[in-house]
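The block underneath contains the structure these notes are about, expressed in C-alpha cells.
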C-alpha cells in the first residue's frame, strides 16, 4: 500500500508515529511510505529581498528540523521512506501530494478540537478531508 505520512513536527505527529509503531499492520515491507511536510512560505515581500539560495536553504532547514526525528523513527522501525517537503498551505500540499502520487492512504495526526474548535480555528485535517479523494486516517 502507498501511504502518505503527513507530518508537522508537533506532538500530534509523535502520537501518529506511536500509533504506527503500536499497530503492526501499518509497518513492514508491504507498504511504500512517503513522508511529506508543508513548509509555510515566507511572505512574498520578504522573499523578494532575500537571495534565492538563502531562501531555499531556509526552507530546507525548516523541513529537516521536522524530518530529523521522523527519519530516526523509520530507521528504528527498519523502514524506508522518501521524504518530501513542499512550500505552501499544509492542506493543499497534502491533498495534492496524495492525488499526484496516487497514494492509497494518508496518515496524519490531528489536534482533535471538535466541531466548535474547527469552526473558530479551522483545521488542516478538516481541509484535507474536504479536498482529498484518498482515504485519510486521523490519529488523535
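The values are calculated or read from the model by the stated rules, or taken from the named source; none is laboratory data. As the structure is a computational prediction, the values presented were derived from the model and not from experiment. Neighbour counts are summed over all protein chains in view; Cβ atoms, including those assigned to glycine, are modelled from backbone coordinates with ideal geometry.
Could you tell me whether residue 29 is under 21 Å from residue 137 (Cα atoms) and over 13 Å from the mean Cα position of the chain (by Cα)? So residue 29 fits the description; yes.
In the set 31, 37, 23, only one residue is free of Cβ contacts under 8 Å to residues at least 24 places away in the same chain and either in contact with a strand residue (DSSP E or B) (Cβ under 6 Å, 6 or more places away or on another chain) or exposed (fewer than 13 other Cβ atoms within 10 Å of the Cβ) (or both); that residue is 23. Based on this model, can you work out whether residue 17 counts as surrounded by 13 or more Cβ atoms within 10 Å (Cβ to Cβ) and in a strand (DSSP E or B)? Here the answer is no, as residue 17 does not meet what is asked.
Restricting attention to the range 75-92, the residues that are under 15 Å from residue 2 (Cα atoms), buried (at least 18 other Cβ atoms within 10 Å of the Cβ) and within 12 Å of the chain's Cα centre (by Cα) add up to 1. Exactly one residue out of 100, 63 is loosely packed, with under 15 Cβ neighbours inside 10 Å, at pLDDT 95 or above and over 16 Å from residue 12 (Cα atoms): that is 100.
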